[in-house]
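**Student:** Structure provided below as structure tokens; questions to follow.
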Amino acid sequence: MYDALNPLVSAIRSRETGLPSERAWEADPVDVTLSVLAAWKVVDVEIKRLTAHAAATAGSYGASYEQLGAVWGITRQGARKKWPDAAGRRAPGAAGVRKFALFGGTAELARSSSGDWGWTATGADGASGTAADGTRYPTAEEAAAHAGAFLKEHSLDTGGRS
């Protein structure tokens with residue numbers, strides 16, 4: 001892991017010092033080691049963000065906290081604490097339906113029995129729409145993005161439309 005990430009840390013160190021990468025280490029050892037620590041912090045923050053996104057995506061496909069914890073080597077409770085919104089508690093019968101409002105309109109995302117997602121929406125201007133040609137999306141987030149674009153296009157604010 002070190003060999004894979006160290007070039008990134010070196011690049012961050014070089015950028016922060018303004019020195020070319022081959023000279024970025026020519027400084028007081030305390031300054032050098034503190035800047036390396038700061039660069040590892042950047043990596044740590046990004047890894048945590050990517051980890052949370054991966055857990056949320058797994059949860060959107062139906063992974064339980066027990067499964068998330070097993071993969072991470074922690075308990076179900078630990079996974080729930082680490083990623084509180086990753087695996088939702090869905091009401092029976094409503095597991096595959098999500099609704100939201102945006103730009104003055106409303107949309108509903110529906111999960112099919114095969115696990116993919118579609119959407120229907122009604123814009124603020126009264127226009128109704130659905131996923132084009134029955135298109136299905138692998139995640140609720142992707143379906144929501146398309147529904148959101150439709151709602152923006154059919155908002156009452158015409159400033160953004162062409």
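**Student:** Relative to the longest principal Cα axis of the chain, at what angle does helix 140-153 sit, 0 to 90 degrees, rounded to 10?
**Tutor:** Around 70 degrees separate the two axes.
**Student:** Also, quick follow-up: Relative contact order for the chain: what percent, with Cα pairs under 8 Å and sequence separation of 6 or more?
**Tutor:** Rounded, it is 13 percent for the chain.
**Student:** Express the relative contact order of region 103-162 as a whole percentage, based on alpha carbon pairs under 8 Å and six or more residues apart in sequence.
**Tutor:** That works out to 37 percent.
**Student:** For n ≥ 4 DSSP H runs only, could you compute -39500 (n - 2.57) per run for the chain, divide by its residues and tell me the 222 nm figure to the nearest 500?
**Tutor:** It comes out at -15500 deg cm²/dmol, rounded to the nearest 500.
**Student:** Taking +1 at the Cβ of each Lys and Arg and -1 at the Cβ of each Asp and Glu, which of ALA52, SER21, ILE74 sits farthest along the dipole of the chain towards its positive end, judged by Cα position relative to the Cα centre?
**Tutor:** The Cα lying farthest towards the positive end belongs to ILE74.
**Student:** In whole percent, and with a 1.4 Å probe on the protein chains, what portion of the accessible area of the chain is carbon and sulfur?
**Tutor:** Of all accessible area on the chain, carbon and sulfur atoms account for 59 percent.
**Student:** Sort HIS53, HIS154 by accessible area with a 1.4 Å probe, largest first.
**Tutor:** Ranked from most to least accessible, the order is HIS53, HIS154.
**Student:** Okay, moving on. Counting only heavy atoms of protein chains, what accessible area per residue, in Å², does region 1-120 have with a probe of 1.4 Å?
**Tutor:** 66
**Student:** Taking 8 Å as the Cα distance limit and 6 or more residues as the minimum spacing, I'd like the relative contact order of region 1-41 as a percentage.
**Tutor:** Value for region 1-41: 38 percent.
**Student:** Now for a different question. Please identify which residues in region 23-60 have an amide N closer than 13 Å to a label point set 7 Å out from the Cα of GLN67, following the Cα→Cβ vector.
**Tutor:** Only 55-60 pass the distance filter.
**Student:** Just to be sure I understand, if you calculate Cα extents along the principal axes in Å for this structure, which of (i) 65, 47, 24; (ii) 49, 28, 27; (iii) 44, 42, 25 do you get?
**Tutor:** Checking each listed value against the structure points to (i).
**Student:** Residue by residue through region 57-65, what is 3J(HN,Hα) from phi via Karplus (6.51 cos²θ - 1.76 cosθ + 1.60, θ = phi - 60°)? Round to whole Hz and write x for glycine and proline.
**Tutor:** These are the phi-based 3J(HN,Hα) values: 5, 4, x, 5, 8, x, 5, 8, 4 Hz.
**Student:** Continuing with the same structure: Report the full-extension gain for the segment LEU8 to SER21: residue separation times 0.36 nm, less the Cα-Cα distance, to one decimal in nm.
**Tutor:** Stretched out fully, the LEU8 to SER21 stretch lengthens by 3.6 nm.
**Student:** With a 1.4 Å probe and all protein chains kept in place, how much accessible area does GLU26 have, in Å² rounded to the nearest 10?
**Tutor:** Estimated to the nearest 10 Å², GLU26 gives 110 Å².
**Student:** On to the next question. LYS81 to THR33: FRET efficiency via 1/(1 + (r/R0)^6), r the Cβ-Cβ distance, R0 35 Å, to the nearest 0.05?
**Tutor:** With a Förster radius of 35 Å, E is 0.60.
**Student:** I would also like to ask the following. Give me the dipole magnitude in Debye, nearest 20, for the chain about the Cα centre, with unit charges on the beta carbon: positive for Lys and Arg, negative for Asp and Glu.
**Tutor:** Approximately 700 debye in magnitude.
The values are calculated or read from the model by the stated rules, or taken from the named source; none is laboratory data. Just so it is clear, the structure is predicted and the values come from calculations on it, not from any experiment. Don't worry about glycine lacking a Cβ; one is built from the backbone with ideal geometry, like all the others, and counts go over all protein chains shown. Only protein heavy atoms, including side chains, enter the accessible area calculation; ligands, DNA and RNA are left aside. Shrake-Rupley method; radii C 1.70, N 1.55, O 1.52, S 1.80 Å.
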